[in-house]
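Student: Take a look at this one; I'll ask things after.
The values are calculated or read from the model by the stated rules, or taken from the named source; none is laboratory data. From a predicted model like this one, the values you see are computed outputs, not experimental measurements. Positions of Cβ are backbone-derived with ideal geometry, glycine not excepted, and every protein chain shown enters the neighbour counts.
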Amino acid sequence: MTPLLQLAAFALGACLSIRMIAALHGAVDLWYDIKAMCPRVIGQIVVWEATVLASLWLLEFPYQTAFLWGFGIYLLFYLSLLPLIGLVLGSMRSDRQTG
Amino acid sequence: MQRTPVGIADSAIAGATAEPMKSSVLDLDRLTAADTAIAGGKGANLGELLGKGFPVPPGFVVCAGAYAGYLDSLELGAELLQLRYAPPDEIAQCCSVIRSRVEGRDLPAELAEAITGAHTRLIENRGRAIVCAVRSSATAEDLGAASFAGQHGTYYYVDAAQLLKKVRQCWGSLWSPEAVSYRITHGIDHASVSMAVVVQEMIASEVAGVSFTANPVTGARDEVIIESSWGMGAAIVDGRVTPDRYVLERGDLRVRTQRVSDKKLMVKAHLEAGEATRLDEVPNAMRRQQSLSPAMVRTVAQWSLKCESHFGKPQDVEWAVCDGNFYLLQSRPITVMGREDIGRDVKGKYVVFKPLIENFSDPLTPLAEDLMTLIRPPGLRSIHGWLYLDVEAIRRVLPFKVSDEALADHLYSVSKDFPGWKISISKLPALLVMGFVFFLVYAVLLLRTRSLPDGALGTFRALCNKVDADPSLSPADALVRLLLLPRLGDPVGNMPLLVNLASFRFMSWMRMLKRLVRRWAPDLRADAETILGSGSEGVLSAEMGRGIWALAVEANRSERVRQTLLTQSPERALAELKANADAQEFVRRLDAFLAINGHRAIKEFELRSPRWDENPAAVLGMIRNYLLIDSEPSIHEKKAADARVQLIRELQTRLEPLPLERALGLRLRLILLVAERVRYFLKMRENSRFYHIMGFGVLRKKILRIESELMRQGKLKCKDDIFFLQMDEVAGLQDGRLAWLEVEDRIRERRILHIRLCKMGPPKAIGIELPEKYAPATQHEGATLLQGQPASPGAYEGRARVILDPSIDIELRPGEVLVAPYTDPAWTPLFLTAGAAVVEVGSYLSHAGTVAREFGMPCVVDVAEATQSIRTGDRIAVDGNLGSVRILPHPADA
């Protein structure tokens with residue numbers, strides 16, 4: 001059972017990472033009216049951060065480690081997306097970049 | 001692509017010197033149709049017509065033999081052999097060498113004297129100073145289906161000093177990369193093509209045009225088509241103006257239909273000393289005025305039919321009118337390029353990409369096409385300026401057992417219903433992996449766009465301004481930064497594109513809505529889901545429509561403003577309003593409107609289309625449309641809102657008998673929640689387009705700046721020409737690798753091809769047959785049945801009003817059925833008075849469908865050739881549920 005539960009904890013970590021990143025994006029997406037949107041943005045960040053912390057607190061070793069791996073790996077994956085897409089797009093247009 | 005070199009026979013290199021130099025120049029009236037080998041197709045035909053008494057301007061021909069002798073004297077054997085074996089990427093370089101030799105060397109003295117002598121005689125015979133038109137007349141111009149239109153040089157306003165140079169340039173145009181490539185593609189031996197040059201008195205025409213004694217697109221033989229515009233005909237041939245168009249019954253020359261266009265530009269018949277450009281603006285009073293009187297329409301048609309009668313086959317005639325006299329400038333057989341010829345050389349199976357095509361059926365210009373496909377999404381391909389979906393590529397990645405034909409049908413119809421294909425087990429593992437990766441990449445985006453407030457994308461405007469102000473960014477760089485890959489710190493970044501992608505979730509929400517409604521209220525009206533999914537607040541295109549309505553209300557407050565808008569052309573009206581103290585509030589509001597919506601345009605995906613902030617004439621045209629109608633948009637919106645409220649009540653009544661529904665109302669809440677999601681994603685899709693177009697506006701501004709600089713340097717001669725170049729060619733002009741002479745022919749050729757393609761419209765599929773339901777009109781119970789796609793439910797019967805351009809054809813009487821080639825926001829006011837709408841292109845998601853649903857009127861889209869099959873005044877029955885249109889027989893016919 002342990003490997004399966006570890007996998008589940010890993011997936012939970014990744015899912016909460018996605019939620020957390022989306023909540024943090026809220027600050028940028030709603031920056032145009034941040035004064036009015038502040039409660040919504042902060043509320044979402046707080047809720048998801050609390051969920052992450054609560055999960056960490058509730059989980060025990062080795063599930064806690066699996067959770068952290070899931071959380072961290074997705075975060076790294078997400079952060080690498082922009083440069084990766086840049087490289088792909090750059091290679092796709094490199095032979096035509098004359099305009 | 002492997003190209004087989006076409007032989008340049010030794011005879012071409014040696015030159016056909018058999019034609020003696022002393023007969024190298026012949027007067028036009030000495031030639032007959034049989035002299036094609038001497039005078040080329042154009043010269044021989046004109047000579048034949050002149051000899052038979054047709055009103056052809058006098059002139060002479062520098063014969064093909066003279067060209068052959070001149071080519072021989074240049075000793076180009078090595079260069080021509082090099083061209084023969086040149087790989088495709090070296091053809092342009094080889095052509096450049098040959099062309100510069102042809103155009104750069106003086107003509108042999110004897111030939112030069114013969115030409116100048118003939119020119120002097122021409123002037124003496126006319127008894128006054130004249131300028132000439134110097135026109136290429138290739139000997140292979142009538143080879144089978146090949147049409148060389150636009151590839152060979154034509155020069156106007158030529159005087160004695162320039163004559164010899166222009167003759168050489170005509171000969172040089174035979175060796176342009178385009179002409180050489182065209183000959184290679186069509187298997188025409190270079191040796192079989194020689195070139196004569198026609199030198200004629202230039203007719204200083206007040207009106208000119210072209211006519212066809214058969215429809216060049218459909219091949220219909222019972223029609224004569226005339227296109228005319230002010231000034232010289234070159235503006236029509238090159239596509240710089242949209243000409244007036246008359247379609248006549250061949251039998252009695254009765255005008256079947258006519259369209260008077262807004263003719264903004266004309267090519268002047270006289271070039272003043274020092275003037276470099278011959279394009280001029282048409283005076284306001286003449287722009288929307290008919291360029292031909294009814295009598296002159298008949299005259300043109302009669303002479304055109306005489307040409308056909310003389311040559312024995314349908315003719316394409318160029319003509320001019322000077323001082324009320326008719327002149328024939330050219331007559332040649334119609335070279336029909338059918339829609340089926342488009343993409344014939346393309347391998348694979350493609351179906352047209354409707355989300356773009358639904359907004360206009362014209363192909364993109366080369367520059368716009370180049371930019372739009374800068375980074376080609378997988379599964380998409382541009383063919384002649386139209387974007388197509390690659391059916392085979394898409395089928396390979398879909399986890400369904402489906403044939404190419406069924407998939408093409410589904411992709412084309414952009415149906416909101418899932419076709420129910422079986423899942424392919426063998427594709428599932430790969431698909432699951434792909435789906436998982438897709439989820440990892442897009443998961444955050446899907447969450448971010450779940451409930452984005454209306455104003456969130458608004459900061460994209462700041463990014464647009466920032467990119468616009470950065471001169472170091474080329475149009476291509478701007479495109480990438482605005483729509484594909486923003487920099488860190490760019491406000492909102494490429495969210496419009498991402499939101500557009502994410503908003504396609506509306507389809508699954510719509511499917512869920514349909515299932516829920518049909519499960520719990522199966523006998524509710526057929527269009528229940530459509531009504532529940534409409535009526536969003538904050539749709540920017542709807543806000544824009546309301547903004548124009550508000551401007552119309554403001555205009556109505558002052559009788560003077562109202563009259564100015566109703567009686568003056570938009571440009572003149574704007575000038576008058578700005579100078580009028582009473583109109584300052586209106587002008588201020590107009591400016592405020594343009595500050596928000598100024599990036600929009602008619603045919604707004606095309607970068608060549610002027611934006612409203614450059615020329616607000618289209619906005620003033622829409623305001624004028626609103627001034628002409630009695631009803632106001634809010635009535636229609638209220639009608640649609642009332643229908644929604646009533647439907648929800650009806651739904652509630654039907655759900656109440658179900659267990660626990662009366663107490664908890666869970667089913668109704670669930671349906672309304674899903675409907676709200678549908679509305680939200682549809683709104684996001686529409687709004688993201690608003691910002692896409694804003695990005696395109698920045699690209700256009702950057703292109704116009706480049707154009708302005710190139711025109712200042714003399715590297716481009718006419719406005720808009722830049723859109724017929726590709727990005728690397730524009731860069732070549734900028735850095736000096738290319739000059740005007742090297743791109744002039746390309747621009748002309750592409751303009752002419754563009755016009756042809758515009759007239760034909762895109763084939764729906766290439767390399768694959770779509771099912772018969774998209775077939776053209778059929779007869780059904782005495783009525784002509786046109787089949788399309790349902791876009792807004794309901795049935796309606798009424799008189800048709802065919803409208804081709806909302807800025808010109810503005811009269812739509814209440815209750816008439818709007819028949820249009822496409823629609824975009826500029827058409828919205830016409831929907832207010834229409835009883836129903838029939839549109840040639842589009843899908844359920846298109847502008848016409850969206851607006852029609854909002855206004856609660858039946859709409860059928862994707863009706864092939866509707867504007868040609870239906871005539872204004874026809875009584876038609878529109879069925880928005882079945883997607884059919886019936887043209888009912890006239891009582892007299894019945």
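Student: If you scan segment B:716-726, which residues turn out to be modelled with pLDDT of 90 or more and either in a helix (DSSP H, G or I) or over 23 Å from the mean Cα position of the chain (by Cα) (or both)?
Tutor: B:I722, B:F723, B:F724
Student: Do we find that A:I18 is more than 13 Å from chain B (Cβ to nearest Cβ), of a type outside the set (S, T, N, Q) and within 17 Å of the chain's Cα centre (by Cα) in this structure?
Tutor: no
Student: Is there a residue being more than 14 Å from chain A (Cβ to nearest Cβ), within 28 Å of B:L673 (Cα to Cα) and assigned to a loop (DSSP other than H, G, I, E, B) anywhere in segment B:433-440?
Tutor: no
Student: Test B:R450 against the stated conditions and say whether it is assigned to a helix (DSSP H, G or I) and either surrounded by fewer than 20 Cβ atoms within 10 Å (Cβ to Cβ) or more than 14 Å from chain A (Cβ to nearest Cβ) (or both).
Tutor: It is false that B:R450 is assigned to a helix (DSSP H, G or I) and either surrounded by fewer than 20 Cβ atoms within 10 Å (Cβ to Cβ) or more than 14 Å from chain A (Cβ to nearest Cβ) (or both).
Student: OK, next. For a quick check of your reading: which helices (runs of 4 or more DSSP H) sit entirely within segment B:462-555 and have at least 3 residues that are touching a Ser or Thr at 6+ places or on another chain (Cβ under 8 Å) and within 14 Å of chain A (Cβ to nearest Cβ)? So that I can check it myself, show each step before the final result.
Tutor: Values: elements: B:475-479, B:495-502, B:506-520, B:528-532.
Of the helices (runs of 4 or more DSSP H) lying wholly inside segment B:462-555, those with at least 3 residues that are touching a Ser or Thr at 6+ places or on another chain (Cβ under 8 Å) and within 14 Å of chain A (Cβ to nearest Cβ) span B:495-502.
Student: Between a residue in segment A:47-58 that is among the hydroxyl-bearing types (S, T, Y) and any residue that is surrounded by 15 or more Cβ atoms within 10 Å (Cβ to Cβ), which pairs come within a Cβ distance under 7 Å, given they are 6 or more apart or on different chains?
Tutor: A:T51/A:L16; A:S55/A:L12; A:S55/A:L16; A:S55/A:F67
Student: Restricting attention to segment B:575-594, does a residue exist that is without any contact (Cβ under 8 Å) to a residue 40 or more places away in the chain, within 21 Å of B:E686 (Cα to Cα) and crowded, with 17+ Cβ neighbours inside 10 Å? So that I can check it myself, show each step before the final result.
Tutor: Looking only at segment B:575-594, we keep the residues that are without any contact (Cβ under 8 Å) to a residue 40 or more places away in the chain, and these are B:575-592, B:594.
Right, trim to within 21 Å of B:E686 (Cα to Cα) and you get B:594.
Narrowing the set further to residues that are crowded, with 17+ Cβ neighbours inside 10 Å leaves B:594.
Checked against the condition, which is being without any contact (Cβ under 8 Å) to a residue 40 or more places away in the chain, within 21 Å of B:E686 (Cα to Cα) and crowded, with 17+ Cβ neighbours inside 10 Å, segment B:575-594 yields at least one hit.
Student: Any idea which of B:D404, B:D409, B:D417, B:D362 is modelled with pLDDT of 85 or more and away from chain A (no Cβ under 14 Å)?
Tutor: Result of the check over B:D404, B:D409, B:D417, B:D362: B:D404.
Student: Residue check, B:G47 against (1) buried (at least 21 other Cβ atoms within 10 Å of the Cβ); (2) in contact with a Cys (Cβ under 6 Å, 6 or more places away or on another chain); (3) of a type in the set (G, A, S); (4) over 22 Å from B:R168 (Cβ atoms), all met but one. Which one?
Tutor: (2)
Student: Follow-up. Yes or no: B:D862 outside the structural domain of B:M544 (by TED's automatic domain parsing), touching a residue at least 24 places away in the same chain (Cβ under 8 Å) and closer than 19 Å to B:G782 by Cβ?
Tutor: Answer is no for this residue.
Student: Taking segment B:365-390 as the search range and keeping residues that are more than 14 Å from chain A (Cβ to nearest Cβ) and assigned to a strand (DSSP E or B), which one is surrounded by the most Cβ atoms within 10 Å (Cβ to Cβ)?
Tutor: Among them, the one singled out is B:Y388.
Student: Could you please find all residues in segment B:342-358 being surrounded by fewer than 22 Cβ atoms within 10 Å (Cβ to Cβ) and modelled with pLDDT under 70?
Tutor: Scanning segment B:342-358 gives B:P355, B:L356.
Student: Can you tell me which residues in segment B:678-732 are over 16 Å from B:D370 (Cβ atoms) and among the β-branched types (V, I, T)?
Tutor: B:V678, B:I693, B:V698
Student: Considering every residue within segment B:694-715, establish whether at least one is assigned to a helix (DSSP H, G or I), within 14 Å of chain A (Cβ to nearest Cβ), among the aromatic types (F, W, Y) and on the phi < 0 side of the Ramachandran plot.
Tutor: No: segment B:694-715 contains no residue that is assigned to a helix (DSSP H, G or I), within 14 Å of chain A (Cβ to nearest Cβ), among the aromatic types (F, W, Y) and on the phi < 0 side of the Ramachandran plot.
Student: Identify, from the list B:V210, B:V241, the residue that is among the β-branched types (V, I, T) and either part of a strand (DSSP E or B) or under 19 Å from B:P333 (Cα atoms) (or both).
Tutor: B:V210
Student: Can you confirm whether B:D735 is within 13 Å of chain A (Cβ to nearest Cβ), among the acidic types (D, E) and on the phi < 0 side of the Ramachandran plot?
Tutor: So B:D735 passes the test.
Student: What about B:A848, is it surrounded by fewer than 21 Cβ atoms within 10 Å (Cβ to Cβ), of a type in the set (A, V, I, L, M) and within 22 Å of the chain's Cα centre (by Cα)?
Tutor: Values: surrounded by fewer than 21 Cβ atoms within 10 Å (Cβ to Cβ): no; of a type in the set (A, V, I, L, M): yes; within 22 Å of the chain's Cα centre (by Cα): yes.
Criteria not met by B:A848.
Student: Within segment B:88-96, identify whether any single residue is part of a helix (DSSP H, G or I) and closer than 29 Å to B:A320 by Cα, and answer yes or no.
Tutor: no
Student: If you go through segment B:491-523, how many residues are under 22 Å from B:S792 (Cα atoms) and in contact with a helix residue (DSSP H, G or I) (Cβ under 6 Å, 6 or more places away or on another chain)? Break it down stepwise before answering.
Tutor: Applying the first criterion (under 22 Å from B:S792 (Cα atoms)) to segment B:491-523 yields B:503-518, B:521-523.
Subsequent filtering for residues that are in contact with a helix residue (DSSP H, G or I) (Cβ under 6 Å, 6 or more places away or on another chain) retains B:503, B:505-506, B:509-510, B:512-514, B:516-517, B:521.
Number of matching residues: 11.
Student: If I ask for residues that are closer than 22 Å to B:G535 by Cα and either loosely packed, with under 14 Cβ neighbours inside 10 Å or at pLDDT below 90 (or both), which ones from segment B:659-672 would you list?
Tutor: The answer is B:R669, and nothing else.
Student: Against the definition (touching a Lys or Arg at 6+ places or on another chain (Cβ under 8 Å) and more than 26 Å from B:V841 (Cβ to Cβ)), how does B:E676 come out, yes or no?
Tutor: Details: touching a Lys or Arg at 6+ places or on another chain (Cβ under 8 Å): no; more than 26 Å from B:V841 (Cβ to Cβ): yes.
No; evaluated as a whole, the condition is false for this residue.
Student: So A:V41 ticks every box in (1) surrounded by 13 or more Cβ atoms within 10 Å (Cβ to Cβ); (2) under 19 Å from the mean Cα position of the chain (by Cα); (3) within 11 Å of chain B (Cβ to nearest Cβ) but one. Which box is left unticked?
Tutor: Single failed check for A:V41: (3).
Student: Any idea which of A:A54, A:A66 is surrounded by fewer than 16 Cβ atoms within 10 Å (Cβ to Cβ) and more than 10 Å from chain B (Cβ to nearest Cβ)?
Tutor: A:A54
Student: When A:L30 is evaluated against the numbered criteria (1) within 14 Å of chain B (Cβ to nearest Cβ); (2) touching a Pro at 6+ places or on another chain (Cβ under 9 Å); (3) more than 30 Å from B:G458 (Cα to Cα); (4) of a type outside the set (S, T, Y), which criterion, by number, is the only one it fails?
Tutor: (3)
Student: Would you pick out the residues in segment B:716-732 that are more than 14 Å from B:S474 (Cα to Cα) and within 14 Å of another protein chain (Cβ to nearest Cβ)?
Tutor: B:I722, B:F723, B:L725, listed by residue number.
Student: Same structure again: Do we have any residue at all in segment B:377-400 that's modelled with pLDDT under 80 and aromatic (F, W, Y)?
Tutor: No: segment B:377-400 contains no residue that is modelled with pLDDT under 80 and aromatic (F, W, Y).
Student: Go through segment B:47-61 and give me each residue that's touching a helix residue (DSSP H, G or I) at 6+ places or on another chain (Cβ under 6 Å), touching a residue at least 40 places away in the same chain (Cβ under 8 Å) and not in a loop (DSSP other than H, G, I, E, B).
Tutor: B:E48, B:G59, B:F60, B:V61
Student: Give me the pairs, please: first residue somewhere in segment B:63-76 and of a type in the set (S, T, Y), second residue anywhere and assigned to a loop (DSSP other than H, G, I, E, B), beta-carbon distance under 6 Å, and either six or more positions apart or on two chains.
Tutor: Close Cβ pairs (under 6 Å, with a partner that is assigned to a loop (DSSP other than H, G, I, E, B)) amount to B:Y67/B:S194.
Student: Among what's in segment A:21-38 and is more than 16 Å from the chain's Cα centre (by Cα) and crowded, with 18+ Cβ neighbours inside 10 Å, pick the residue that is farthest from A:G72 (Cα to Cα).
Tutor: Step by step, filter segment A:21-38, then rank; the result is A:Y32.
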